[in-house]
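The structure under discussion appears below in the form of C-alpha cells.
The values are calculated or read from the model by the stated rules, or taken from the named source; none is laboratory data. Here the structure is a predicted model, which means the values were calculated and not measured. Reconstructed Cβ throughout: ideal geometry from the backbone, glycine too, with neighbour counts over all protein chains shown.
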Amino acid sequence: MSNPFIEYINVLQGAHIEEQFEKFKDAFSKHENIIILGNGGSNSVASHISQDYVKFHNKNSMVFSDPSMLTCFINDFGMENAYRRFLQYYAKKDTLCILISSGGESKNILNCIKHCENNSIPYGILTGFSSTNKARSISNNALWDYHIDSRDYGIVECVHQIFLHGVV
C-alpha cells in the first residue's frame, strides 16, 4: 500500500494553481451572487465553501443540497437535468457559477456547462482525472479551468477545496 500523504504532496507540487487561481480570484471579486454545484464529496466541498463566502465576504452564495428539493428535481426532471433546472431558477447573468466534477464526466454538471454557455452566465470549472475530460472539452467560455492531475477522488476534492478556500 502506497503512502497517501506522499501522493497528496506530489499532486500539490504539480498543481500549478497560480494562473487559474488568478482568473478565479478576479471573477470572485466581480460577483456578489455565486452558485456552487458538485456531486457527492464535491457537493460537501461546495456547501462548506459557500458558507465561508457568505461569512467572510458577504457574498450571496448558495448550493443545491436541500434533500427535498434535490429529490423533487431528480424525480421531476431526471438526475442529469436537476442541477441545470436549479440554474434556470436561480442563476442570473450576474451570477458566478462554480461547477465541480472530479472526473469531468458528470452529466448533470455537463448540462450546467451547456446551460451557462447558452445563456451567457459566467462560470468556471474544477475537474480532475483525465486532462481531456468532457467538462474541459465543452467549456468554451469558462472563466477558469482548474484541473488536478490525479485519479483519486479524495485528492481531487481536497485540492479543489484548497483552491476555493484561497479567497477566504
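Brief remarks on what is shown
- Leading residue by the ranking (surrounded by the fewest Cβ atoms within 10 Å (Cβ to Cβ)) among those in segment 135-146 that are over 21 Å from Val11 (Cα atoms) and either touching a strand residue (DSSP E or B) at 6+ places or on another chain (Cβ under 9 Å) or hydrophobic (A, V, I, L, M, F, W, C) (or both): Asn141
- Condition met for Asp152 (touching a residue at least 60 places away in the same chain (Cβ under 8 Å) and either in contact with a Lys or Arg (Cβ under 9 Å, 6 or more places away or on another chain) or under 23 Å from His31 (Cβ atoms) (or both)): no
- Count - residues of segment 59-68 that are in contact (Cβ under 8 Å) with a residue 12 or more places away in the chain and surrounded by fewer than 16 Cβ atoms within 10 Å (Cβ to Cβ): 2
- The set of residues in segment 1-28 that are exposed (fewer than 11 other Cβ atoms within 10 Å of the Cβ), assigned to a helix (DSSP H, G or I) and among the polar types (S, T, N, Q) contains only Gln13.
- Criterion applied to Tyr153, Tyr89, Tyr83 was being on the phi < 0 side of the Ramachandran plot, in contact with a strand residue (DSSP E or B) (Cβ under 6 Å, 6 or more places away or on another chain) and not β-branched (Val, Ile, Thr), and the one residue passing it is Tyr83.
- Residues of segment 114-146 that turn out to be touching a Leu at 6+ places or on another chain (Cβ under 9 Å) and either within 12 Å of Lys93 (Cα to Cα) or in a loop (DSSP other than H, G, I, E, B) (or both), as a count: 10
- Set Ile74, Ile109, Ile98: member being modelled with pLDDT of 95 or more, in contact with a helix residue (DSSP H, G or I) (Cβ under 8 Å, 6 or more places away or on another chain), surrounded by fewer than 20 Cβ atoms within 10 Å (Cβ to Cβ) and of a type outside the set (S, T, N, Q): Ile74
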